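Below: one structure, written as structure tokens.
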Amino acid sequence: MKYRSPDGKVKYGYVYAKTYREVKEKLMQRDDLIQSHMNHKPEKDPFEHIALEWFKFITPQVKESTSNKYWNLLNSYILPKFGPVSLYNITHDFIENQCNIFLTEGGCKKKWSFAKDCCGYFVLST
């Protein structure tokens, strides 16, 4: 069994090689790869990686104007400050501090209305 589909059906995968030993080696390599993915700690990823994955996921589900607004907020405010920070280090205090900076300095584009929008999204999510 390779995996189960979202509706619960079993999906089988096959491994081919010239000898049984080669098949066993390929299976062991696959199992090692799966184990390494299971040991991956997403909280150690930089915020930028997660934010861009989210943006790719959400874009087809929203109108183009909404997607453009999210992209501008990400690039002008969120990613410059949050991008390199790991998820583990993003705390409530960190978010509150960054929102205060956005509201006093206006962000990269010095537009306070965008800064208010950005902080509004953070308030909703915390």
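All of the numbers you see were taken from the coordinates with simple rules; none came from a lab. This structure is a prediction, so every number in the text was calculated from the model and none was measured. Don't worry about glycine lacking a Cβ; one is built from the backbone with ideal geometry, like all the others, and counts go over all protein chains shown.
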Quiz item: Long-range amide H contacts for S86: which residues qualify at under 5 Å (H placed 1.01 Å from N, peptide plane, sequence gap of 5 or more or a different chain)?
Solution: F47
Quiz item: In straight Cα distance, which aspartates and glutamates are under 13 Å from K69, not counting same-chain residues fewer than 8 positions off?
Solution: D117
Practice problem: Just grab the label-to-label distance for D32 and N75, each label 7 Å out from Cα along the Cβ direction, in nm (one decimal). | Solution: 4.2
Quiz item: Using the Karplus equation 6.51 cos²θ - 1.76 cosθ + 1.60 (θ = phi - 60°), what ³J(HN,Hα) coupling, rounded to whole Hz, does each residue of segment 77-91 give in order, writing x for Gly and Pro?
Solution: 10, 6, 5, x, 9, 9, x, x, 7, 6, 4, 4, 8, 8, 10
